[in-house]
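Read through the structure below, which is laid out as structure tokens, and then see the notes.
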Amino acid sequence: MAKEIRKRKADHIRISLNQNVQARKTTTGFEDIHFVHKALPEIDRKKIDLSTTVFNHKFEAPLIVGAITGGTEEAKKINAVIAEAVEKLGLGMGVGSQRAAIENKKLEKTFAIARKKAPTAFLIANLGGPQLVKGYDINEVKKAIEMIEADAVAIHLNPLQEAIQPEGETDFRGLLEKIGGIARKLDTPVIVKETGAGVAAEEAEKFEAKSIKGIDVSGAGGTSWAAVEHYRAKRHRKSFQRRLGDVFWDWGIPTAASLVEVSQTVSIPVIASGGIRTGTDMAKALALGASLTSLSAPILRAAVKGVKETKSELSLLMEELRNTMFLVGADSVQALRKKPVVITGKTAEWLRIRGFNPEKYAQRREG
């Protein structure tokens, strides 16, 4: 089993780097989010404070590198590079699913390298929801946390990917109660994380009621895991799964819509991910209610080149965020969350139909 998981993880990295697995028709919705430009910012750009505190941890910017990989030698190198970069910049990162290392102790080093390279950065452990249904419990979750001395643990939900994956595990019965039981027993914050198809308000409400401490919406519009599995199925000549991957390539709740639904429903931290590609996207997400932002695909492409390139990519994102904040007159992340944004187009239509009020964001007033 561990050998099969390693092979699958290697496939995921190869496909993500060499194939176009971005959403084709579905967009994140951030193109419908517009800041109101400030002709008179009345702040000093050089003195803008990007730092924020979430989960009792101070981040130098509201940015984490989302879960990417683990379980192979190539993954170990990628995790080491990302960890070194986020440590230097005071950010955070998540590792990929640690199932392979739970089942084969020899693979622990491919994840543990993250803490070795990032002794003070915020690290998020990671296990899949289907594994909890199949028997994993608090002991395995604790192993995942201890493996990287994690500050939080993410339980990822990937029903779309599992439904298309040739070896997918599609029994999700009783998972909410399972996650809730673990969350109540752990001192470490439990985060529920989707994987590219978004979280709706109804489920967000259920998560908060079960003592879950954070939600990563991971909406549609960025990397499509249906697309990744489409290419895997193509390579392994699985025509049925290949067809499913093509049909469901653009499935999901667009990131911006998911973010508004969740942030207006719960009071726990919300992480915005799913197609975030620029510092302006980050700023829009924060203005819509996110506590942190997360991205993976651009950092994976940088990480295979090296620490310098990864640090440069993350630094550019931070400077783009700073520039956006300057242009709306926000000298802190807290101030940015109070700035007006105008929501138009399909995102506004989605929100109105779903019972949310997009106008409230445009009507914010300072002071």
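None of the figures in this text is laboratory data; all of them are computed from the coordinates on show. None of these values were measured; they are calculated from a predicted model. Positions of Cβ are generated from backbone atoms using ideal geometry, with glycine treated the same way; all protein chains shown enter the neighbour counts.
Overview of values
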{"quantity": "Loop-located trypsin sites (Lys or Arg not before Pro) in segment 173-229 whose Cβ has at most 13 other Cβ within 10 Å (DSSP)", "calculated": "Arg173"}
{"quantity": "Nearest-20 debye value, segment 2-362 charge dipole, Cβ charges on Lys, Arg, Asp, Glu", "calculated": "1000"}
{"quantity": "Of Gly279, Gly168, Gly196, the one that fluctuates the most in a GNM where the chain has Cα springs shorter than 10 Å", "calculated": "Gly168"}
{"quantity": "Sum of -39500 (n - 2.57) over DSSP H runs of 4+, divided by residues of the chain (222 nm, nearest 500)", "calculated": "-13500 deg cm²/dmol"}
{"quantity": "Partners for Lys77 among aspartates and glutamates (Cα-Cα distance below 12 Å; same-chain residues under 8 apart left out)", "calculated": "none"}
{"quantity": "Anchor Lys234: aspartates and glutamates whose Cα lies under 13 Å away (excluding residues fewer than 8 positions away in-chain)", "calculated": "Asp11, Asp246"}
{"quantity": "Matching label, semi-axes √(5λ) of the Cα gyration tensor in Å computed from the structure shown, candidates (1) 31, 23, 20; (2) 44, 23, 19; (3) 61, 27, 25", "calculated": "(1)"}
{"quantity": "Exceeding the 29 Å Cα-Cα cut-off - candidates Lys109/Lys308; Lys38/Lys117; Lys25/Lys88; Lys88/Lys213; Lys76/Lys134", "calculated": "Lys38/Lys117; Lys25/Lys88"}
{"quantity": "Rounded, prolate or oblate (a/c below 1.5 giving rounded, otherwise prolate when a/b exceeds b/c) for segment 236-345 by Cα gyration tensor", "calculated": "oblate"}
{"quantity": "Partners for Lys185 among aspartates and glutamates (Cα-Cα distance below 16 Å; same-chain residues under 8 apart left out)", "calculated": "Asp137, Glu140, Glu146, Asp151, Glu177, Glu208"}
{"quantity": "Excluding exposed DSSP-loop GluC sites (Glu not before Pro) (at most 10 other C-beta within 10 Å), longest clean stretch of the chain", "calculated": "43-365"}
{"quantity": "Cα centroid of segment 126-141 to Cα centroid of segment 340-363, whole Å", "calculated": "37"}
{"quantity": "Relative contact order (%) - criterion: Cα under 8 Å, at least six apart; region: segment 185-284", "calculated": "36"}
{"quantity": "Most positive-pole-ward Cα, Val260, Ala204, Gly219, against dipole of segment 140-287 from beta carbon charges", "calculated": "Gly219"}
{"quantity": "Cα gyration tensor, segment 1-92 - rounded (a/c under 1.5), prolate or oblate", "calculated": "oblate"}
{"quantity": "Span-rule helices in the chain, defined as complete DSSP H runs reaching 18 Å or more along the axis (Cα) with Kyte mean at least -1.0", "calculated": "73-89, 307-327"}
{"quantity": "Listed residues Ile145, Ile353, Ile113, most fluctuating in the chain (Gaussian network, C-alpha, under 10 Å)", "calculated": "Ile353"}
{"quantity": "Residue with peak Gaussian network fluctuation, the chain [Cα springs, cutoff 10 Å], from Val266, Val199, Val153", "calculated": "Val266"}
